[in-house]
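What follows is a set of notes on a single structure, which appears directly below.
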Amino acid sequence: MERPPKKLAGSMRGYVELWACPHVDVSERQHEIMTKRPSLFAAKADQPAPAGAEQREPVAEIVGTKKPSAKAKARPPSREGKRVLSVYLTPEAWKQLRMLSLNMESSTQSLGEEAINLLFEKHRLNRIA
């Protein structure tokens, strides 16, 4: 593709001269020169096992099993088997709830559980929260 002839500066009449980015003409070969960093997982697999350590099964044999996600592992024991309930409150209601929890020396979690149990009691259900 041929470029149009360059206009003289006097014939530009107020227009800015167009210019190309200096990286446009970089050949693809220069991009290939950069090497890829080795994987950290590959380096770990290449290390010899310490003496007396048990051999693990290859990963290919356990492809079908599901690994628990990092989120599930990070859950504290007090939250095991429980579900999340989110409630959107106005800033005034949130502040009042926090003040109540401070005055009662309790957590907002326990106040929420108490509120759910009172709701269950009102509707003649078991208080199980």
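Quick check on this structure: which one of S107, S101, S78 is among the polar types (S, T, N, Q), under 23 Å from I128 (Cβ atoms) and at pLDDT below 90?
Working: S107 fails: at pLDDT below 90; S101 fails: at pLDDT below 90.
Result: S78 is the single residue among S107, S101, S78 that is among the polar types (S, T, N, Q), under 23 Å from I128 (Cβ atoms) and at pLDDT below 90.
Within segment 81-98, how many residues are closer than 18 Å to A129 by Cα and either polar (S, T, N, Q) or at pLDDT 95 or above (or both)?
Residues in segment 81-98 being closer than 18 Å to A129 by Cα and either polar (S, T, N, Q) or at pLDDT 95 or above (or both): 1 in total.
The values are calculated or read from the model by the stated rules, or taken from the named source; none is laboratory data. All values reported here derive from a predicted model rather than from experimental measurement. FYI the Cβ positions are ideal-geometry reconstructions off the backbone, even for glycines, and counts take in every protein chain you see.
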